[in-house]
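Written below as structure tokens is the structure these notes are about.
The values are calculated or read from the model by the stated rules, or taken from the named source; none is laboratory data. Bear in mind the structure is a predicted one, so any value in this text is a computation, not a measurement. Every residue, glycine as well, gets a Cβ built from its backbone with ideal geometry; the counts of neighbours run over all protein chains shown.
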Amino acid sequence: MGRVEALKEDPVTHAAVSHPGRSSLFARLFPVLLVLALAGAAVWMALGDSLPSPAPVRLRPHLPDPAVLRETPLAVQIHLAAALGAFMLGLAQFALPKGTGLHRTLGWTWVLLIGAAAVSSLFIRYLNHGAFSLIHILSAWTLVVLPMAVYAVRRGDIRTHRNRMTGLFIGGLLIAGVLAVAPGRLMWRLFLGD
């Protein structure tokens, strides 16, 4: 069992306030990683077709094509909206102070969004001829770990909560997101390809 970090309570709002001097390695590196990722994406989009490609893939970055999205099943649309919302809200959660009322409210919203993304993904099975695929392991993992992360913070185990939520963000959103942008997939067609 992980170490339980004590939170101080704000005497006015009775909200838990995290220790201002403590931050995880991920929290310190996150802004740097975010800037590097955004810079890499900007360079990739600026270079377009001039990047070397192992296969004949036409890279044409563009604004999202609503017609492509309208053609997709409702489960895919729900999944995309929930995943993008959870991604943006997750970035905000990493940047904002922890232990506040805002953190708690945004956290519960994030839990609902990531849960909706995981559940809706169970109805997306057209890539594997109607069967579940390996990517669905991330969905099952999310549905197991998410309540464990909430339970950890409810019992005061902040470290376990932080580690599980960070793992969900990395595994359930970043890794799954990278896999979703593979050439030929919906996200590729929506933002990068023909």
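Is it true that LEU84 is surrounded by 12 or more Cβ atoms within 10 Å (Cβ to Cβ) and modelled with pLDDT of 85 or more?
Values: surrounded by 12 or more Cβ atoms within 10 Å (Cβ to Cβ): yes; modelled with pLDDT of 85 or more: yes.
Here the answer is yes, as LEU84 does meet what is asked.
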Checked pairs for the range 157-184, first modelled with pLDDT of 90 or more, second charged (D, E, K, R) and not in a helix (DSSP H, G or I), C-beta under 7 Å and 6 or more apart or across chains, list as ILE158/GLU5; ARG159/ARG3; ARG159/GLU5
Pairing a residue in the range 86-111 that is free of Cβ contacts under 8 Å to residues at least 60 places away in the same chain with any residue that is hydroxyl-bearing (Ser, Thr, Tyr), where Cβ atoms lie under 7 Å and the two sit 6 or more apart in sequence or on different chains, gives LEU89/THR109
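Within the range 149-161, does at least one residue satisfy the condition of being of a type outside the set (S, T, N, Q) and loosely packed, with under 13 Cβ neighbours inside 10 Å?
Step one: list which residues in the range 149-161 are of a type outside the set (S, T, N, Q), which gives 149-159, 161.
Next cut, loosely packed, with under 13 Cβ neighbours inside 10 Å only: 154-155.
The answer is yes, given that some residue of the range 149-161 is of a type outside the set (S, T, N, Q) and loosely packed, with under 13 Cβ neighbours inside 10 Å.
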Checked the range 55-102 for anything among the polar types (S, T, N, Q), assigned to a helix (DSSP H, G or I) and farther than 18 Å from PHE123 by Cβ; matches are GLN93
